[in-house]
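Colleague: Sharing a structure with you now.
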Amino acid sequence: MEKTIESCYNRTSGILGSSKYWPDEFPAEAIQGYLSPNPAVSSFANWTKFIFGYCDGSLHQGYTKDPIKYKGIELYFRGAAITRSHIDWINEKYDLKGASKIVFTGGSAGGLAVNLWSNYVK
């Protein structure tokens, strides 16, 4: 367990430790491949797209009310609540329920979230 906690601790000071470093939207020039907004590049160009990134050490699952204290800081594992909140935010900002074609994708733990949460989104 300590190695997992150590990994989470090491992420706390960077982009994988908090979404406060992430933009609400990626600039169009940063999006390539099947996520591209260019119809010549992607069959999904005009679809609504959302990218799930890293969440916390719980892989977008589970919830612990109390943080785990490690090396003088508190680590929170609230993946399920974070992901539901993320989906609610997407719906409020982009009318997810009104979208007819959606692409959900993600990297690392975000890729796992897509598989684990796709029925919830549907």
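Values quoted throughout were computed directly from the atomic coordinates according to the rules given, and no laboratory measurement underlies them. Treat the numbers as computed from the prediction; the structure is a model and nothing was measured. Glycine gets a Cβ as well: all are built from the backbone with ideal geometry, and neighbour counts include every protein chain shown.
Colleague: Picking from Gly111, Gly14, Gly53, which is most flexible by a Gaussian network model of the chain using Cα springs under 10 Å?
Modeller: Gly14
Colleague: So which trypsin sites (Lys or Arg not before Pro) in region 85-120 are both in a DSSP loop and have at most 11 other Cβ atoms within 10 Å of their Cβ?
Modeller: Of the trypsin sites (Lys or Arg not before Pro), the ones in loops of region 85-120 whose Cβ has at most 11 other Cβ atoms within 10 Å are Lys101.
Colleague: Sticking with this structure for a sec: If amide H atoms are built 1.01 Å from N in the plane of the peptide, which residues on other chains or at least 5 residues away come under 5 Å of the amide H of Phe52?
Modeller: For Phe52, the qualifying residues are Thr105, Gly106, Gly107.
Colleague: What residues have an amide H closer than 5 Å to that of Gly62, excluding those fewer than 5 places away on the same chain, when H is modeled at 1.01 Å from N in the peptide plane?
Modeller: Here Ala80 satisfy the definition.
Colleague: Before rounding to the nearest 500, sum -39500 (n - 2.57) across all DSSP H runs of length at least 4 in the chain and divide by the residue total; then give [θ] at 222 nm in deg cm²/dmol.
Modeller: Helix-only estimate at 222 nm: -10000 deg cm²/dmol.
Colleague: Quick one: which residues, 5+ away or cross-chain, put their amide H under 5 Å from the amide H of Leu75? H built at 1.01 Å from N.
Modeller: Those qualifying (amide H under 5 Å, at least 5 residues apart or on another chain) are Ile68, Lys69, Tyr70.
Colleague: Give me the count of lysine pairs in the chain whose alpha carbons sit under 18 angstrom apart, restricted to pairs 8 or more positions apart or on different chains.
Modeller: Eligible lysine pairs with Cα atoms under 18 Å apart amount to 11.
Colleague: Exactly which chymotrypsin sites (Phe, Trp or Tyr not before Pro) in region 1-94 are in a DSSP loop and have at most 15 other Cβ atoms within 10 Å? Kindly include the intermediate steps, with their values, before the conclusion.
Modeller: Numbers: sites: Tyr9, Tyr21, Tyr34, Phe44, Trp47, Phe50, Phe52, Tyr54, Tyr63, Tyr70, Tyr76, Phe77, Trp89, Tyr94; in loops: Phe44, Trp47, Tyr54, Tyr63, Tyr76, Phe77.
Passing both the DSSP loop test and the Cβ count: Trp47, Tyr63.
Colleague: I would also like to ask the following. If you find the alpha carbon centre of region 32-76 and of region 93-122, how far apart are they in angstrom?
Modeller: Their Cα centres are 10 Å away from one another.
Colleague: A further question on this structure: Are there trypsin sites (Lys or Arg not before Pro) in region 44-73 that DSSP marks as loop and that have at most 13 other Cβ atoms within 10 Å, and which are they?
Modeller: Within region 44-73, the qualifying trypsin sites (Lys or Arg not before Pro) (loop, at most 13 other Cβ atoms within 10 Å) are Lys65, Lys71.
Colleague: How many times 2.2 N^0.38 Å is the alpha carbon radius of gyration of the chain?
Modeller: Details: Rg = 16.0 Å, N = 122, 2.2 N^0.38 = 13.7 Å.
For the chain, the normalised Cα radius of gyration comes out at 1.17.
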